[in-house]
1. Which peptide among 61-74, 91-104 comes first, and what is the full order, when sorted by highest mean count of other Cβ atoms within 10 Å?
2. Of the heavy-atom accessible surface of the chain (probe 1.4 angstrom), what whole percent is carbon and sulfur?
3. From the residues L195, L13, V38, which one has its Cα farthest along the dipole of the chain in the positive direction, the dipole being from +1 and -1 charges on Cβ of Lys/Arg and Asp/Glu about the Cα centre?
4. Can you tell me the dipole magnitude for the stretch 105-200 around its Cα centre, using point charges on the Cβ only (Lys, Arg +1; Asp, Glu -1), in Debye to the nearest 20?
5. Quick check for you: with a 1.4 Å probe and neighbouring chains kept, what is the accessible area per residue of the chain, in Å²?
6. Which order do the peptides 144-153, 6-15, 118-127 come out in when sorted by mean C-beta neighbours inside 10 angstrom, highest first?
7. Once Cα Rg over 2.2 N^0.38 Å is worked out from the coordinates, which option in (1) 1.06; (2) 2.83; (3) 0.95 does it equal?
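The values are calculated or read from the model by the stated rules, or taken from the named source; none is laboratory data. Every value quoted in this text rests on a predicted model; they were computed, and no experiment measured them. Reconstructed Cβ throughout: ideal geometry from the backbone, glycine too, with neighbour counts over all protein chains shown. Side chains included, ligands, DNA and RNA excluded: accessible areas come from the protein's heavy atoms. Shrake-Rupley method; radii C 1.70, N 1.55, O 1.52, S 1.80 Å.
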Amino acid sequence: MTALSECRACRRLVRHLARIDQKHPDWHNAPVPALGPVDAPLLVLGLAPGRTGANRTGKPFVGDRSADWLLNRLRARACVDAQGHPVGIRISNAVKCLPPQNKPTIAEIRRCGKRWLVDEVQRSSAILALGKIAHDAVLRVLNVRLSAHPFSHGAVHKIGPVNLVDSFHPSPLNTATGRLSPEQFDDALCRALELSTNAH
């Protein structure tokens, strides 16, 4: 199978990254791999690489305001070390390439899910989905009807061996407006950590 770094399955995303690469040739501008131990029981799953975050740095949730907020919360729970490396968790995105306007199409979400997300989901006993798109992507990988498990912050969905925990995405749109407080996120993170630990 093609390596993630060589994936060119989504033409729209490939063209988008090529345009950005012309302006910023020193950026990553390619599919962004997961960060953290492959066998980590907890997967923290975002939407897609941020334009000036993961798409620039090549690491999920590294380099922008969403990343800083999330890493501060993870650090408070000893989920990352002083250098920001995950400890006992794996951090990834449902879609591995930066989409235009941060909006992947359903086809792109499905394609990335079948090619790449499926392995990450199968290795995890618990998944903390950051936002509805990440939540829905997991359900699609698990072949579960979206209506059977509606997204709701703090909700826990038991789907076979996988525990899916929902959280609002830590974007400035949510954190700066108070829609997602540190306390709300901590509650969801602690629940996901508890479920991932109990499963092992």
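1. The packing order, highest mean first, is 91-104, 61-74.
2. 51 percent
3. Of the candidates, L13 comes out farthest on the positive side.
4. In total the dipole reaches around 500 debye.
5. On a per-residue basis, the chain sits at 48 Å².
6. Order by mean packing, descending: 118-127, 6-15, 144-153.
7. Structure-derived value, by its label: (3).
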